[in-house]
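Heads up: the structure comes next, in structure tokens.
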């Protein structure tokens, strides 16, 4: 087994762990981090029975994010009550601590190539969704968007394969297109693939993403510089990931 090259920060933070159990019932409980990174965390004090591959949510202060359970500590061992988490939104750190940006990470290997065709960007735009055969539209928020699709936040997600019509308000710009649900995560939301977007809507989306990408790149550069400066001032190097 390889070791993570992603820097970890040893820190104990109070968090809320939430999601839905195997019977689709919502749960929420208090827990603590043992170490964190920009793309994951080791959380301990977990009572809920979880399995690798499941999706959970973490709230830390006023920030929240979606995570995949990578491993679960075996009962009766020193790791009982611990779980290893990997962020569903790479590069979006919800923990308010100075952590270096991640390097290549051979620790988790899926044996599959990255299937995402378009880069995605964090987005909390309002949206309206009309599901084929449903009498009323669904209104809510996105969590990210790309040229190929978006992720819609909803507690009761749509069934994979459902056909939808979606309208999104990107600041002063509205885009509309048909789509299909490609992923579904109870307690979090649904991934939607755009289908047959008209040229005018596609051009508007491209313009929004181009501006958003430039802003995000500048913000990431500034944030990394500030975190490195804070780490140097504290005189502490990155911590080793505990597994």
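The values are calculated or read from the model by the stated rules, or taken from the named source; none is laboratory data. All of these numbers come straight from a predicted model, not from anything done at the bench. Note: ideal-geometry Cβ built from the backbone for every residue, glycine included; neighbour counts use all protein chains shown.
Points worth noting:
- Selection count where residues are assigned to a loop (DSSP other than H, G, I, E, B) and either in contact with a strand residue (DSSP E or B) (Cβ under 7 Å, 6 or more places away or on another chain) or buried (at least 16 other Cβ atoms within 10 Å of the Cβ) (or both), scope the range 79-90: 5
- Residue match in the range 103-117 (condition: more than 24 Å from residue 26 (Cα to Cα) and modelled with pLDDT of 85 or more): no
- Among the candidates 59, 38, residue that is under 16 Å from the mean Cα position of the chain (by Cα), buried (at least 19 other Cβ atoms within 10 Å of the Cβ) and either closer than 20 Å to residue 191 by Cα or not assigned by TED's automatic domain parsing to the domain that holds residue 190 (or both): 38
- Which listed residue, of 240, 163, 193, is out of contact with any helix residue (DSSP H, G or I) (no Cβ under 9 Å at 6 or more places or on another chain) and at pLDDT below 90: 240
- One residue from 81, 76, 133 being within 24 Å of residue 20 (Cα to Cα) and modelled with pLDDT of 75 or more: 81
- Selection status of residue 28, closer than 24 Å to residue 143 by Cα, crowded, with 17+ Cβ neighbours inside 10 Å and within 19 Å of the chain's Cα centre (by Cα): no
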